[in-house]
Amino acid sequence: DVKVTQSSRYLVKRTGEKVFLECVQDMDHENMFWYRQDPGLGLRLIYFSYDVKMKEKGDIPEGYSVSREKKERFSLILESASTNQTSMYLCASSLVLQETQYFGPGTRLLVL
Amino acid sequence: DAKTTQPPSMDCAEGRAANLPCNHSTISGNEYVYWYRQIHSQGPQYIIHGLKNNETNEMASLIITEDRKSSTLILPHATLRDTAVYYCIVRWSGGSNYKLTFGKGTLLTVNP
């Protein structure tokens, strides 16, 4: 069965902190994605990765970086958290870049 | 990707079939119809997808009209846990189409 897990369901951080969000998939998928979801704005792609150590910017990469050292793990880093990064963060993976994406449970991040 | 239109909300009695419509009149020949759902505060869950033939899996059935301009997602025996926002999207599995975009979807409320 398809499984994408995220390190935390809820996270509270202070402005200026460095924040790590981790995502792990057990489906041997090549591609992994990070989105954020905000009311009224829908899903927005932050970064994606199509192979180990490969990454591409999405629509809103500013203030974020990513790391993919192993195929199954994709990390999202907020270098210096700001209040406008309070959001629901969703990780997804897919076998083929343009095909079905499977999502994790999400991390709801609150930056104070 | 072609635009989709869904009713904003629907109700269904527990144990009855839930039929969720989606209009995609501008769909092109190589675009797939995908359905996802999102239970409150959780990550989106993939349900089913199809090109032109009807599809069925353990979760739902997808009926696509012959002209492919509309489709219906059927949950055969709705339960309270099926209460969620259901998103119908149209995607072309080719080129650089890698990001998912959800519209407003249909809030399905299953009532006891």
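Carbon and sulfur together cover what percent of the accessible area of the protein assembly as shown at a 1.4 Å probe radius? Heavy-atom surface of the protein assembly as shown belonging to carbon and sulfur, 1.4 Å probe: 50 percent. Burial here means at least 20 square angstrom less accessible surface with every protein chain in place than with the chain by itself, probed at 1.4 Å; in the range B:74-106 the buried residues are B:R91, B:S93, B:G95, B:Y98, B:K99, B:L100, B:F102. Would you mind counting up the charge near B:V110? Only other residues with Cβ under 13 Å from its Cβ, with Lys and Arg at +1 and Asp and Glu at -1. Result for the neighbourhood of B:V110: 0.
Backbone amide hydrogens, once placed in the peptide plane, bring A:Y47 within less than 5 Å of A:W34, A:G58, excluding anything fewer than 5 places away on its chain.
For A:K57, a cut-off of 20 angstrom between C-alpha atoms picks up these lysines, skipping any fewer than 8 places away in its own chain: A:K18, A:K70, A:K71, B:K99.
Test of the criteria: in the range B:49-112, which GluC sites (Glu not before Pro) are in a DSSP loop and have at most 16 other Cβ atoms within 10 angstrom of their Cβ? Intermediate results must be reported in sequence, preceding the final value.
Numbers: sites: B:E55, B:E58, B:E66; in loops: B:E58, B:E66.
Counting only loop positions with at most 16 other Cβ atoms within 10 Å, the GluC sites (Glu not before Pro) in the range B:49-112 are B:E58, B:E66.
Cysteine residues of chain B whose Cβ has no partner cysteine Cβ closer than 4.7 Å: B:C12.
Taking Cα pairs under 8 Å and at least six residues apart, what relative contact order does the range A:60-99 come out at, in percent?
Details: 22 pairs, mean separation 11.6, N = 40.
Relative contact order of the range A:60-99: 29 percent.
Which value, in square angstrom to the nearest 100, describes the accessible area buried between chains A and B on both sides, using a 1.4 angstrom probe? List each step's numbers first, then the result.
Numbers: alone 6190 and 6610 Å², together 11200 Å².
Roughly 1600 Å² of accessible surface disappears when A and B pair.
Near A:R73, once Lys and Arg are set to +1 and Asp and Glu to -1 for all other residues with Cβ below 11 Å from its Cβ, the sum equals -1.
Just to confirm, what accessible area per residue do you get for chain A at 1.4 Å probe, in whole Å²?
On the way: 5400 Å² over 112 residues.
That works out to 48 Å² for each residue.
For chain B, the solvent-accessible area works out to 52 Å² per residue, with a probe of 1.4 Å and every protein chain left in place.
Reported to the nearest whole Å, the Cα centre-to-centre distance from the range B:61-81 to the range A:41-67 is 32.
The values are calculated or read from the model by the stated rules, or taken from the named source; none is laboratory data. Please read all numbers here as calculations on a predicted model, not as lab measurements. Please note: Cβ atoms are built from the backbone with ideal geometry, for glycine as well, and neighbour counts cover all protein chains shown. Quick note on the areas: whole protein, heavy atoms, side chains included, nothing else; ligands and nucleic acids left out. Shrake-Rupley method; radii C 1.70, N 1.55, O 1.52, S 1.80 Å.
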